[in-house]
Every structure is written in C-alpha cells, then in structure tokens.
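Below is one structure, written out as structure tokens; comments come after it.
The values are calculated or read from the model by the stated rules, or taken from the named source; none is laboratory data. On a predicted model such as this, the values are computed, not experimentally measured, just so you know. Note that each Cβ is placed from the backbone with ideal geometry, even for glycine, and that neighbours are counted across all protein chains shown. The protein model used for the area step is the full one, side chains on, heavy atoms only, and it has no ligands, DNA or RNA in it. Shrake-Rupley method; radii C 1.70, N 1.55, O 1.52, S 1.80 Å.
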Amino acid sequence: MNHALLALPTTAPERSVRTIRVALAGCGAVGGQFLALLRAQSASIAAARGIRAEITRVLVRSTDLPRAVPLPPHILTADVESFLRSPADVVVEAIGGIDPALRIAHAAIATGRGFITANKALVAEHGAALEQLAARHAAGLRFEAAVAGGVPVIRVLRDAIAHDEVRSIAGILNGTTNYILTRMETGASFAAALADAQANGFAEADPSRDLDGRDSADKIRILAWLAFGTSPSTLLPERRGLLPAPDALTSAAAAAGGAVRLIAETTRLDGGVSAVVEPVLVSGSSEFARTAAQDNLILVDSAWTGRLALAGAGAGGRPTASSLLADLLDATPRPPRRDAASTPLRGVADPRAFRWLIATTAPPPQARDFSAGERIGMEDVLPHAFDRRTHVLTEPCTRARVDALLRRIHHAGFAADWLRCELKQ
Ligand code: HSE
C-alpha cells in the first residue's frame, strides 16, 4: 500500500506580492471572521497567490464597539457616504439587507471594482441587474457566500456542471431553522434553540427571515437563476416557514417515525420553473433527516451528471468568511503555475492509527503469532467466522504497521484481506 498525505511547504517560494485594497462593509459574525481569516492566512495567500489583501476601510454600525480582530481606528467608519469613497480595488459586503448594500454594490461595480457579497436578499432581488451592470463596467460580481455558507454550490452550478441540463435542485438552505429543528429533536425548546442559533451567529439580524422561509426562498431563487436562467426577481417561490407551531410539527413528525426539515426546491417543468419552500416530513433515515445542526444539504439532479449531493456548514461566520475569501482570490488574476522545482511538496506516510479487520487463511494461533511478531495487539478474534478464514480485529495502528503484518502473513504462505475499521468500539 502506498498511502501518502501532502506535506505543506516549510518555506514560502519567492514571488513578487501585489497589494489588493479591500473595503469591507460589515464587521459582524461574517465580516469579523473574514478579517480574522485574512489575517490568519495572509502569509500563505501571499506565497501561493502573490496577493496581499490590505483592508483600507471597514463600514460598521458603531465605531465604538469592541472587536474580535483589532483594527486601526482610522479604518473604521459608520458613514456610508465616506465608505463609498474608500480607496479599494474590491468591495466585500457582509452587512445584509437591501439598503445600503445596494448603494454600495452600485458604487463599487459602476467604478469597475470587484464586488463580493454574502447577501442573498440583495442577489435574489437585484442579482441579474447587478450582473448586467458588472458586464458593462468590466467589474467582478461574486456571491458564493450568499448561498449555503461554506458549501461551494455556486461554483458547482457556474463551473463544474455549467454545461449540463439541471432538472431540479432540492435542499436544506437555512442553517438556523435546521439547527432549531434538530435541537428540538433532542428536547430543546423552540425559544432556547432560536436563542442559541442567534448567539452562534447563524440567524439573520431579523430572524423572522429564517423562520418564515424568506431566507431559503432568496437562496433557491439564486440557485434557479444559475441553473435555469430564470430571473431571480421574477421567481416568487410558494413559501411556508416553520411558524406558527414548530413544537407541534416536530412532535407529530417524531410520532410518525420521521423528522421535519425546511426544504427549498426548484424544478424545471414544461411550462417554466417551479419553486417551493416548505416544511416537509422526511423519513428518519433520509439524507435530509441526517442533516443536523446548522448544516445545509443540496441535491442537484441534472441530465448528464446525474445526482450531486453537496453538504456542509450552511451558516456561521467562519464557513461564510471562507467563501468570501475564495471569491476575493478568484476575483484577482491567478499567478502563473509554480514550477515543480519551487514547490517543495513531498509525499509522507499517513500518520493516523486505525483498527483493522483482517481475514486470513492462517489459523487463529498463527494469526496471533504473526501479530505478536509485529507487536500489534489483537482486540478481538471474531467468534463467528463468516467463512473458513480467521477474522481478527487489531488494536489501533498505522497503515505502515498493518502493511508489515500483512507482508508477514503473505510470506508465510497465507492469504489475507483487510478493511480499515471505523466502527465505534
Ligand atoms: N441565516 C442564514 C442561515 C445565514 O441560517 O442559513 C446563512 O445564510
């Protein structure tokens, strides 16, 4: 077996570094984490992409609040007009809502700057018009962070399967309601679960947008736009949210052996495109039921690729910040490929230890001797053999060590199959 992980370079290759000036609107759960991520990754971004992102201005609600990432006071402003005049190559928007986000988008795009946003309401209402404006001004418009937090569904629709014919998209697109529903399944009250979702930075500033399905509706409109070309401002999904009685809903679902999930769907039909957001009673063993906490799950069905499932953290500052940063880096030209000589990546052995299930033609005493010879303890010799072979479960050990054991068995003239074991002990 030749299993290897990629080692990270220990020294950054020499390259010239270009400064990109970034003005950031919003320094809350998402904006604050975007700053933290930029700071944490600045050296690797400079080394890998030849870019240094310099934050030139941050628009905040109040300049007096304490901040997780300290910023020089002269960078902060609570004045939108002053923010619009910021020296910047790219504007990143994480304030949400339409005003002043739309003004900021217009000002950035009309002056040929990049505009990167996490704002689904803005993209759902004005995305198509902003895209036309961006085309006229050769400005970049990107919004990976607007749908499903850290899950790169926009890239999948725009790039990976852009050539395909999407038939339908169905997903859990709101982390807050999913968090509430799954917390209630383990006994939390609706009010407590909502309060926790807010404290964790999952919920919208106005959480009724999460609860009544408007947030999910905005996201499915954006996905339908990318998949089917339907103008998002004209597609109005049928919508029912969790209110008014989520406690009753979840209890009834549990009694029926299922679970409630808030599901957004869009489907291409003969006469157009349908879109619906509604709570659905799903089977307890379904992928939707297994999507827990603030995670999102998006199922895309297309004519050629077939079914794609994308899952991950759909809400929260860190994953959403990661999508913003990916867009920021994509909005700037890629440096030429590094040549192999300047890329000190080498393969190293997988250092992780696992338990291994080994099925061998060696009888149990010999199997024990082989393991003892490699100093690998046997956790178990399975009492009910499934065939005539001896089945043993090793103690946790690395691939290299189990390889040595398998070689020893083979050299002694016995056959052996093996499986990495991830069963709980
Ligand atoms: N409030 C949103 C959610 C944030 O809970 O999914 C991410 O868009």
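Suppose the filter is of a type in the set (A, V, I, L, M), within 15 Å of the ligand (Cβ to nearest atom), under 21 Å from the mean Cα position of the chain (by Cα) and within 21 Å of Gly28 (Cα to Cα); does Ala199 pass it?
yes
If you go through region 312-330 one residue at a time, do you hit one that is over 19 Å from Gln33 (Cβ atoms) and open to solvent by 20 Å² or more (accessible area, probe 1.4 Å)?
No, that holds for no residue.
Of the numbered conditions (1) hydrophobic (A, V, I, L, M, F, W, C); (2) at pLDDT below 95; (3) crowded, with 18+ Cβ neighbours inside 10 Å, Ala205 fails exactly one; give the number of that condition.
(3)
It is to be established whether one or more residues within region 315-332 are more than 16 Å from the ligand (Cβ to nearest atom) and either on the phi > 0 side of the Ramachandran plot or without any contact (Cβ under 8 Å) to a residue 24 or more places away in the chain (or both).
Scanning region 315-332, I find no residue that is more than 16 Å from the ligand (Cβ to nearest atom) and either on the phi > 0 side of the Ramachandran plot or without any contact (Cβ under 8 Å) to a residue 24 or more places away in the chain (or both), so the answer is no.
Do you know which residues across region 265-300 are polar (S, T, N, Q) and farther than 20 Å from Ala224 by Cα?
Within region 265-300, Ser283, Ser285, Ser286, Thr291, Gln294 qualify.
Examine region 140-159 for a residue that is open to solvent by less than 20 Å² (accessible area, probe 1.4 Å), of a type in the set (D, E, K, R) and either within 12 Å of the ligand (Cβ to nearest atom) or modelled with pLDDT of 95 or more (or both), and state whether such a residue exists.
Checked against the condition, which is being open to solvent by less than 20 Å² (accessible area, probe 1.4 Å), of a type in the set (D, E, K, R) and either within 12 Å of the ligand (Cβ to nearest atom) or modelled with pLDDT of 95 or more (or both), region 140-159 yields at least one hit.
Of everything in region 80-108 that's in contact with a Leu (Cβ under 8 Å, 6 or more places away or on another chain) and without any contact (Cβ under 8 Å) to a residue 24 or more places away in the chain, which residue is farthest from the ligand (Cβ to nearest atom)?
Ala107
Taking region 170-181 as the region of interest, how many residues are open to solvent by 10 Å² or more (accessible area, probe 1.4 Å) and either in contact with a strand residue (DSSP E or B) (Cβ under 8 Å, 6 or more places away or on another chain) or more than 15 Å from the ligand (Cβ to nearest atom) (or both)?
Going through region 170-181 one residue at a time, the tally reaches 1.
Determine if region 282-300 includes at least one residue that is at pLDDT 95 or above and over 30 Å from Gly258 (Cβ atoms).
no
Take the residues of region 109-128 that are aliphatic (A, V, I, L, M) and in contact (Cβ under 8 Å) with a residue 40 or more places away in the chain: which is nearest to the ligand (Cβ to nearest atom)?
Ala118
Which numbered condition trips up Arg239, out of (1) within 13 Å of the ligand (Cβ to nearest atom); (2) at pLDDT 90 or above; (3) within 13 Å of Asn174 (Cβ to Cβ)?
(1)
Looking at (1) open to solvent by 30 Å² or more (accessible area, probe 1.4 Å); (2) touching a Ser or Thr at 6+ places or on another chain (Cβ under 9 Å); (3) among the charged types (D, E, K, R); (4) within 11 Å of the ligand (Cβ to nearest atom), can you tell me which one Asp210 breaks?
Just one mismatch for Asp210, condition (1).
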